[in-house]
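The values are calculated or read from the model by the stated rules, or taken from the named source; none is laboratory data. Keep in mind that this is a model prediction, so the values were computed, not measured. Don't worry about glycine lacking a Cβ; one is built from the backbone with ideal geometry, like all the others, and counts go over all protein chains shown. For accessibility, only protein heavy atoms count, side chains too; no ligands or nucleic acids. Shrake-Rupley method; radii C 1.70, N 1.55, O 1.52, S 1.80 Å.
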Amino acid sequence: MLETLAEHPSPEEIWVFGYGSLIWRPEFHFQEDRLATLQGYHRSLCLWSSVNRGTPEQPGLVFGLDSGGTCQGKVFKLHDNNIHEQFRLLWKREMPSGAYIPKWIKCETMMGPITALAFVMDINSHAYIQGLTRDETLDIVLNACGTCGPCPEYVLETASALAQASINDENLFELADLIKQRIAKP
């Protein structure tokens, strides 16, 4: 954690890129947020969750930044009066499994480019999954629940937060509609 923080060229101004649940539940204090675009990565349900949104017997899926494409999200500027404590809270949340690689990456915002910390999927992690069909993804999400709640709730909350922020993710919105349809069926 301290090494990553030390690698930032301007440690008094820390921005974090959020692409999933950080958008609707950041769990750290920030003084500013902006819409941002990250090139070279896309939002993907590519991370097995056997605790937060699933169990070892019935794992769920959570979002990761997978390589390729573009991802729209939000950047959050941490309060400069307590950077280390805020960074520690963020690290505790995002890095317990070691499935992400923390990287300082340039993001585009309406106010110009900024460098933000992004938690990128480690494709060498045992928890990385790719190549699932839409039906396989839907089945996994609908049947998983972990310590943080049901997996469908996580996906729907993320889709709702993106829509409220005017971030378009057609693939996620289509999946959210399918989840709602399946949940609504008796």
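Here are some notes:
- Selection status of Gln164, within 14 Å of Arg25 (Cα to Cα) and exposed (fewer than 14 other Cβ atoms within 10 Å of the Cβ): yes
- In this structure, Ile183 does satisfy being in contact with a Leu (Cβ under 9 Å, 6 or more places away or on another chain) and modelled with pLDDT under 95.
- Answer residue from segment 76-105, given it is surrounded by fewer than 16 Cβ atoms within 10 Å (Cβ to Cβ) and assigned to a loop (DSSP other than H, G, I, E, B) and is nearest to the chain's Cα centre (by Cα) among those: Met95
- Some residue of segment 3-15 being at pLDDT 95 or above, surrounded by fewer than 15 Cβ atoms within 10 Å (Cβ to Cβ), among the hydrophobic types (A, V, I, L, M, F, W, C) and not in a strand (DSSP E or B): no
- Cβ-Cβ distances below 7 Å connect the following pairs, each with a first residue in segment 129-142 that is under 24 Å from Tyr100 (Cβ atoms) and open to solvent by less than 90 Å² (accessible area, probe 1.4 Å), a second residue that is of a type in the set (A, V, I, L, M, F, W, C) and assigned to a helix (DSSP H, G or I), and a separation of six or more residues or different chains: Thr137/Leu175; Val141/Cys151; Val141/Val155; Val141/Ile179.
- Output for segment 115-128, where each listed residue is outside any loop (DSSP other than H, G, I, E, B) and surrounded by fewer than 17 Cβ atoms within 10 Å (Cβ to Cβ): Tyr128
- The residue that is surrounded by the fewest Cβ atoms within 10 Å (Cβ to Cβ), counting only those in segment 50-62 that are over 25 Å from Asp33 (Cβ atoms) and in contact with a helix residue (DSSP H, G or I) (Cβ under 9 Å, 6 or more places away or on another chain), is Gln58.
- Residue match in segment 63-75 (condition: open to solvent by 70 Å² or more (accessible area, probe 1.4 Å) and without any contact (Cβ under 8 Å) to a residue 24 or more places away in the chain): no
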